[in-house]
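First the structure, in the form of structure tokens, and then the observations on it.
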Amino acid sequence: MGRVSSIISFSLTLLILFNGYTAQQWPNECQLDQLNALEPSQIIKSEGGRIEVWDHHAPQLRCSGFAFERFVIEPQGLYLPTFLNAGKLTFVVHGRGLMGRVIPGCAETFMESPVFGEGQGQGQSQGFRDMHQKVEHLRCGDTIATPSGVAQWFYNNGNEPLILVAAADLANNNNQLDRNLRPFLIAGNNPQGQEWLQGRKQQKQNNIFNGFAPEILAQAFKINVQTAQQLQSQQDNRGNIVKVKGPFGVIRPPLRRGEGGQQPQEKTNGLEETLCTMRCTENLDDPSDADVYKPSLGYISTVNSYNLPILRLLRLSALRGSIRKNAMVLPQWNVNANAALYVTNGKAHIQMVNDNGERVFDQEISSGQLLVVPQGFSVMKHATGEQFEWIEFKTNENAQINTLAGRTSVMRGLPLEVVTNGYQISPEEARRVKFSTIETTLTHSSPMSYGRPRA
Amino acid sequence: MGRVSSIISFSLTLLILFNGYTAQQWPNECQLDQLNALEPSQIIKSEGGRIEVWDHHAPQLRCSGFAFERFVIEPQGLYLPTFLNAGKLTFVVHGRGLMGRVIPGCAETFMESPVFGEGQGQGQSQGFRDMHQKVEHLRCGDTIATPSGVAQWFYNNGNEPLILVAAADLANNNNQLDRNLRPFLIAGNNPQGQEWLQGRKQQKQNNIFNGFAPEILAQAFKINVQTAQQLQSQQDNRGNIVKVKGPFGVIRPPLRRGEGGQQPQEKTNGLEETLCTMRCTENLDDPSDADVYKPSLGYISTVNSYNLPILRLLRLSALRGSIRKNAMVLPQWNVNANAALYVTNGKAHIQMVNDNGERVFDQEISSGQLLVVPQGFSVMKHATGEQFEWIEFKTNENAQINTLAGRTSVMRGLPLEVVTNGYQISPEEARRVKFSTIETTLTHSSPMSYGRPRA
Amino acid sequence: MGRVSSIISFSLTLLILFNGYTAQQWPNECQLDQLNALEPSQIIKSEGGRIEVWDHHAPQLRCSGFAFERFVIEPQGLYLPTFLNAGKLTFVVHGRGLMGRVIPGCAETFMESPVFGEGQGQGQSQGFRDMHQKVEHLRCGDTIATPSGVAQWFYNNGNEPLILVAAADLANNNNQLDRNLRPFLIAGNNPQGQEWLQGRKQQKQNNIFNGFAPEILAQAFKINVQTAQQLQSQQDNRGNIVKVKGPFGVIRPPLRRGEGGQQPQEKTNGLEETLCTMRCTENLDDPSDADVYKPSLGYISTVNSYNLPILRLLRLSALRGSIRKNAMVLPQWNVNANAALYVTNGKAHIQMVNDNGERVFDQEISSGQLLVVPQGFSVMKHATGEQFEWIEFKTNENAQINTLAGRTSVMRGLPLEVVTNGYQISPEEARRVKFSTIETTLTHSSPMSYGRPRA
């Protein structure tokens, strides 16, 4: 009997397993009954800073398609050139720096000459001056579009940490591999390795030169084998962000204004002549460029394929918000995109509702936390600190929202009869529901308690 | 020994399970040896009608990417505003009604004024008139394109049930979530819940206001908490289609002709000036607009991105067919799309053949049934009733077909030598194969028996 | 105790199974630590030649999205019309032939007339001349774009085998079914069946007429039932490539030059007026059209959506390379595409490096072998035989590469300070790394040993 019962229990276990398996065959990664504010799951330390990586296997990030990282680059830190298998948007949260991207097939456009001082002595003494592709100054609020396969480096030339956050969309067809984020290092390495790799476990990640035979590199670069071995950085344990010794004299035009970080951004007319000179950066922190601005409440700015055409290739866009205490972003949903919302400053109470009418998020979220907002999920933000600032990355080059309340909301678009019959309320109440809130996006609200148990 | 053998049998079971699993790792959802005419798997009843849902986990629908629903809205029934995570085409099978969609960010364009009577008294007495977005009249044959995230409502203002069928494409990138259909209710609820949700089981689906705290809704809408609670519809068990009490006086232009349902559709020149005024409806039941028309046989009409540009965004198109008894639609296949074929009237014998040359469908199909036609599968339709009418939704904004027989068929395009050598027939026979049928799409055929065992 | 331990071992087995399953839930098909040169896994023999099929379940091909086939058509062999569920590029490796494609809905454009002799007698005697769609001459180096659902045939009118290789992209949305290659046969059959079908096992694959009832075919084609049965080819065991008896007199314009295979290709201005006349073929073997040409090293030619606009629909492009002994293709990676590299002639030593800096391929590859190059993986080619010639198919209509070394390389685009700090080398060494190699793509290299154990 005992054996029979154990066999039966096994059979049951098997059945459960099998059913579990069958049930999961059909992908349900967006079947989200509970969302969380996400923190990084791994910190990769380097000589000149650190990279904090969110686990892109977390159900919410899997649903959104995003991989998310934060870079903290110390002063004089240089994030060595790296490219990804996916298109990426990067936002400058804090500090200032320099950034270079190497566009495939494009010629160098920045050349040394006696007019621009640095490095001049060296250049002349050796009869040869450096040339390279464009270098850009970065400041807070800059949003940078980087296509897949394009190597990019950052240098912190300020006195405070340069903090960047980046979202790469693994789900659109700029990524032609599987849905894992794969950084390819041109220089440096990652002695810790990456944690997500279930097959490989923790192992050192080397730069791509490391995989070639030194003799081949020597022939490809017309250099000696010792220099080729040096390119492989095998003895180097500084990681992917290194500390620059001495001056960092890359050729670059001088800033126009003394203070740095305040130069007027050059606006183009949207007609970029070649891929090589295509604009890839837009600043979202200038309230005078905001899409929505109310002095007492805050502002919201967006960058999409209309003001940064390269986003059409990347199929990404971004929204920057900055609101004051007790300002509320009216409940809204994403029409055609998933979003990843990262808090850059302050804190807010956020409620989010899924397709079943369930409250799936009801917490205070604060600086440094990440929240995924899937397509169609309604979300309300209410600033609880002095200032609440965030950046939202969206999986559509022209992401649209729809609001529940306000002047351009779904309720305003519905006839009175639909409202009265739908909610069994009087025409008078329906009028108030439709017309009381005249703002479109931001409104005042009084302090509220939050985090109450779900209704 | 008994135990050992049972252990062995377990191991075998495990192996089988594991092998089964391994075999299924690689998705094979279009490995279809047998297709069926599909009926709804769940009926969601409401006060003012019912929604019949096809199981989108059925292998055929999984392969096609479509989710399929039928709405039966009783007279005075109002389908409350709802939006989806996917683009959708809706076809009016029966009845007449009104339809409104709320386009994100667009202003109201329909305003009350003394010229149009209804609701005038109320409006004046309170010094405030209603405004809302465009409302459209629906009649049989209307095909309506609805993007993801756009809330839509229907009202039956006729005397007979308003019957709609809708296909949402879960597989194209208008859906940024997983491959499940997620209706988001703006008003009403679904006390029964949806059956497909394997994780959640059967549970009531609420409207999205239900997930927000009433205090937050009160602040967002500038209304009192009691009205906010009313928006949540928690005590409401009418479902998602409600019965309107009293007149339904939404503002709308008068129909031009007395009979209703017969107004000439306004044709635009294809250049719609803004997203807000983009045309989203095309009628497919007017034989004078048909693409193929033979008086004695019937007609076929299509709507694609050329005559309804919004379909470029949705990546969908549709084909409407209506043929008389013993008319045959020549064997054909879909070049670049999957199709979902729904019978609106009558019956027909259909044969379908897969890539292995096997007959995977050989039955009579009748009104109310659904059949999936995967890309490349050849299909022949032969009307067995007095009239056979159907609507076919296709997963491509410009779906193309190729016929096996007829004037523009693949056999006509092949040189005689390919035909004679390919089938080992004489040049005389090959000429007959190529040239005997001079029709392109529809032909006469004599009555045939059907359903015979496969060859 | 024994039973308990066996139960425990079972539980462990179950756990392992379950864990294995969980680990594999998240697709990792591009987690490639080791790549191989791939050979065909199945040979399908026919009367007039053979089709060699690569297993598209092999991890590398799964990652790339490609299905790959080689066709060997003997003289007088006719590959019978077949269409696929995916867009396809075909390259003529060897021989000469004729090719026809039947574009859906397009009329016949090639008609018999007394001016072009063949078949004339027959035509007149029966008062009826053949008409069909365009027939094209094929020669070595021709690259042919074929959309999904378009039937295509080939005929070898030369004296040597006509050898074609074809790559179909199962991963882009031209394929609306699952990720399996499905050939639909218009004529002929495949008595062996296909091996990949895990559900179906080995079974004869018939042409699509076979699935229809003969009576239906008779009515559709207005032919008698005997001819209809003949179309089904049930008694035919010649396979999908048949031997033509007697002359193959399809109507076609005469070649302009006597030798054949050397006619100048008609270049269009890129503005093709209709889909029916859209150009679908480009020759890649003419060095005078090469993108990169160095007399002592070799040449590289590409075809993409700019010079063959139909590729925009197919989302594919191709690169043809031909280099001499000891020429090296500088290390490079694919920015926005996966590639499938097939060696048409000679041999080369190839090293490839993945995102972890590991050498994943380090072998000599020779004529007839296939190698997948995933997006971002760096690859170096070094001709070891007298001549190395290859064709690379890419999953992007405008695939881009980035080189590691050379005049337009990533190293040239980096400022000197990034190079010196990144690799801890002197400015003098960094200059050599940046500027020593002045070629862009091809360079000389001295003979090297290869296949050494990984560093």
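The values are calculated or read from the model by the stated rules, or taken from the named source; none is laboratory data. Note that this is a predicted model, so its numbers are computed, not measured. All Cβ positions, glycine included, derive from the backbone under ideal geometry; neighbour counts span all protein chains shown. The accessibility values were calculated without ligands, DNA or RNA, using every heavy atom of the protein model including side chains. Shrake-Rupley method; radii C 1.70, N 1.55, O 1.52, S 1.80 Å.
With the structure loaded, tell me whether residue C:303 is surrounded by 20 or more Cβ atoms within 10 Å (Cβ to Cβ) and away from every other protein chain (no Cβ under 14 Å) or whether it fails that test. Walk me through how you get there before you give the answer.
Values: surrounded by 20 or more Cβ atoms within 10 Å (Cβ to Cβ): yes; away from every other protein chain (no Cβ under 14 Å): yes.
Judged against the criteria, residue C:303 is a match.
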Does region B:310-324 hold any residues that are open to solvent by less than 10 Å² (accessible area, probe 1.4 Å), closer than 30 Å to residue B:444 by Cα and among the aliphatic types (A, V, I, L, M), and which are they? B:318, B:323
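With region B:1-97 as the region, which strands (runs of 3 or more DSSP E) entirely inside it contain at least 2 residues that are aromatic (Phe, Trp, Tyr) and modelled with pLDDT of 95 or more? Explain how you work it out, then say what you get.
Details: elements: B:42-46, B:49-53, B:66-73, B:77-83, B:88-94.
Ranges flagged: B:66-73, B:77-83.
Which residues, taken from region B:206-239, are among the acidic types (Asp, Glu) and under 21 Å from residue A:33 (Cβ atoms)? Lay out the reasoning, then the answer.
From region B:206-239, those among the acidic types (Asp, Glu) are B:215, B:236; that's our starting set.
Matches in region B:206-239: none.
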Region B:408-431 residues that are more than 7 Å from chain C (Cβ to nearest Cβ), paired with ones that are assigned to a helix (DSSP H, G or I) and among the β-branched types (Val, Ile, Thr) (beta carbon under 8 Å, 6 or more apart): B:411/B:419; B:411/B:433; B:419/B:433; B:426/B:420; B:430/B:419; B:430/B:420
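Would you point out the residue of region A:392-403, among those that are open to solvent by less than 20 Å² (accessible area, probe 1.4 Å) and within 7 Å of chain B (Cβ to nearest Cβ), that is farthest from the chain's Cα centre (by Cα)? Steps first, answer last, please.
Pass one, region A:392-403, residues open to solvent by less than 20 Å² (accessible area, probe 1.4 Å): A:392-395, A:402-403.
Right, trim to within 7 Å of chain B (Cβ to nearest Cβ) and you get A:395, A:402.
Working: A:395: 11, A:402: 22 Å.
Selected residue: A:402.
State all residues of region B:358-379 that are of a type in the set (D, E, K, R) and outside any strand (DSSP E or B); if no residue qualifies, say none.
First, the residues of region B:358-379 that are of a type in the set (D, E, K, R): B:358-359, B:362, B:364.
Listed by number, the list holds a single entry, B:358.
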Would a scan of region B:407-421 turn up a residue that is open to solvent by 10 Å² or more (accessible area, probe 1.4 Å) and assigned to a loop (DSSP other than H, G, I, E, B)? yes
Residue B:376: passes all of (1) open to solvent by less than 20 Å² (accessible area, probe 1.4 Å); (2) modelled with pLDDT under 95; (3) at positive phi but (2)
Within region A:329-341, can you find the residues that are open to solvent by 10 Å² or more (accessible area, probe 1.4 Å) and either among the charged types (D, E, K, R) or more than 7 Å from chain B (Cβ to nearest Cβ) (or both)? A:332
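Scan region A:432-442 for residues that are more than 7 Å from chain B (Cβ to nearest Cβ) and outside any helix (DSSP H, G or I) and jot them down.
Result: A:438, A:439, A:440, A:441, A:442.
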Being in contact with a Lys or Arg (Cβ under 8 Å, 6 or more places away or on another chain) and over 19 Å from residue B:339 (Cβ atoms) is the filter; apply it to region B:174-193 and report the residue that is modelled with the lowest pLDDT. B:193
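Out of the residues in region A:265-298 that are among the hydroxyl-bearing types (Ser, Thr, Tyr), farther than 22 Å from residue A:445 by Cα and not in a loop (DSSP other than H, G, I, E, B), which is modelled with the highest pLDDT?
Restricting attention to region A:265-298, the residues satisfying the condition of being among the hydroxyl-bearing types (Ser, Thr, Tyr) are A:268, A:274, A:277, A:281, A:288, A:293, A:296.
Going one step further and asking which of them are farther than 22 Å from residue A:445 by Cα, we end up with A:268, A:274, A:277, A:281, A:288.
Going one step further and asking which of them are not in a loop (DSSP other than H, G, I, E, B), we end up with A:277, A:281, A:288.
Values: A:277: 79, A:281: 93, A:288: 85.
Filtering region A:265-298 for residues that are among the hydroxyl-bearing types (Ser, Thr, Tyr), farther than 22 Å from residue A:445 by Cα and not in a loop (DSSP other than H, G, I, E, B), the one modelled with the highest pLDDT comes out as A:281.
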Top-ranked residue in region C:352-372 [being over 24 Å from residue A:188 (Cβ atoms) and hydrophobic (A, V, I, L, M, F, W, C); ranked as nearest to the other protein chains (Cβ to nearest Cβ)]: C:372
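For region B:443-455, give me each residue that is at pLDDT 80 or above, open to solvent by 50 Å² or more (accessible area, probe 1.4 Å) and in a loop (DSSP other than H, G, I, E, B).
If we filter region B:443-455 for residues that are at pLDDT 80 or above, which is where we start, we get B:443-446.
Keeping just the survivors that are open to solvent by 50 Å² or more (accessible area, probe 1.4 Å) gives B:444, B:446.
Residue satisfying the conditions is B:446 alone.
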As an exercise: evaluate residue B:309 against (1) in contact with a strand residue (DSSP E or B) (Cβ under 9 Å, 6 or more places away or on another chain); (2) in contact (Cβ under 8 Å) with a residue 12 or more places away in the chain; (3) under 25 Å from residue C:313 (Cα atoms) and give the number of the one condition it does not meet. (1)
Could you tell me which of the residues A:382, A:349 is more than 8 Å from chain B (Cβ to nearest Cβ), closer than 20 Å to residue B:217 by Cα and not in a loop (DSSP other than H, G, I, E, B)? A:349
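Do we find a residue being in contact with a Cys (Cβ under 7 Å, 6 or more places away or on another chain) and not hydroxyl-bearing (Ser, Thr, Tyr) anywhere in region A:150-169? Step through it out loud before you land on a result.
We begin by selecting, within region A:150-169, every residue in contact with a Cys (Cβ under 7 Å, 6 or more places away or on another chain); these are none.
No: region A:150-169 contains no residue that is in contact with a Cys (Cβ under 7 Å, 6 or more places away or on another chain) and not hydroxyl-bearing (Ser, Thr, Tyr).
Residue-by-condition table, conditions (1) away from chain A (no Cβ under 13 Å); (2) crowded, with 22+ Cβ neighbours inside 10 Å; (3) in contact (Cβ under 8 Å) with a residue 12 or more places away in the chain:
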residue	(1), (2), (3)
B:156	no, yes, yes
B:160	yes, no, yes
B:164	yes, yes, yes
B:167	yes, yes, yes
B:170	no, yes, yes
B:182	no, yes, yes
B:187	no, yes, yes
B:191	no, no, yes
